[in-house]
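Down below is the structure, laid out as C-alpha cells.
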Amino acid sequence: MRHYGAIGATHLRPIRGGYIQAPGTETTTHDIDWVAVERAINSPDCRIELNLAERRAASLLMLHAGYSPREISTRLCIFQRQIERWRHDGKPLVIEPVERTCSVAGCDEKHRAHGLCCRHYDETRRSASKQVAA
C-alpha cells in the first residue's frame, strides 16, 4: 500500500522512505507527544493539531528523512521560513524523559502514574476499590 502526501492542489507524490519513527521509546517527553508527531508525519490525509514543540520535532525529523521545507510546510501547515529557522537554530531535539517525583508532600520517589509514586498510586487504587466494594 502506498501513502501519498499532497504538494499542491494537483500533484501527489509517495511518502519518501516509508514510515518515519520518533526517536526513543517514550511516548511523551517534555512538551512533545511522540505518538501525535508520528501520526502527523505519516498520515498524509490526517490533520493533527500539534503544539509548537511537536511541530518543531516533526519538521526536524522530516528534514532528516530528506523532505524539503516546502513538502514539510504543506504536510504540517507550517511556514517554510519557520522550518528554515528551526533547521539553522542548532538546538537539538530533547528526547530524554523528564524525571518527575511524586506529588504527595514529603515523598521524593520517582513518578509512576497520575502524579504519584508506586506506593501512593497503589494505595489510592486500593482505597478506591474498597469504597466501591462498601
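The values are calculated or read from the model by the stated rules, or taken from the named source; none is laboratory data. Model, not experiment: these values are computed from the prediction. With ideal geometry, Cβ positions are generated from the backbone for all residues, glycine too; neighbour counts draw on all protein chains shown.
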Item to check | Residue within segment 72-88 that is surrounded by 10 or more Cβ atoms within 10 Å (Cβ to Cβ), at pLDDT below 90 and of a type in the set (Asp, Glu) present | outcome: no
Next on the checklist: All but one of (1) modelled with pLDDT under 80; (2) on the phi < 0 side of the Ramachandran plot hold for residue 30; state the number of the condition that does not hold.
Outcome noted: (2)
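Name the helices (runs of 4 or more DSSP H) wholly within segment 33-133 that hold at least 1 residues that are within 24 Å of residue 21 (Cβ to Cβ), touching a residue at least 12 places away in the same chain (Cβ under 8 Å) and in the same structural domain as residue 23 (by TED's automatic domain parsing)?
Because the criterion is at least 1 residues that are within 24 Å of residue 21 (Cβ to Cβ), touching a residue at least 12 places away in the same chain (Cβ under 8 Å) and in the same structural domain as residue 23 (by TED's automatic domain parsing), the helices (runs of 4 or more DSSP H) in segment 33-133 that meet it are 34-42, 52-64, 69-76, 80-88.
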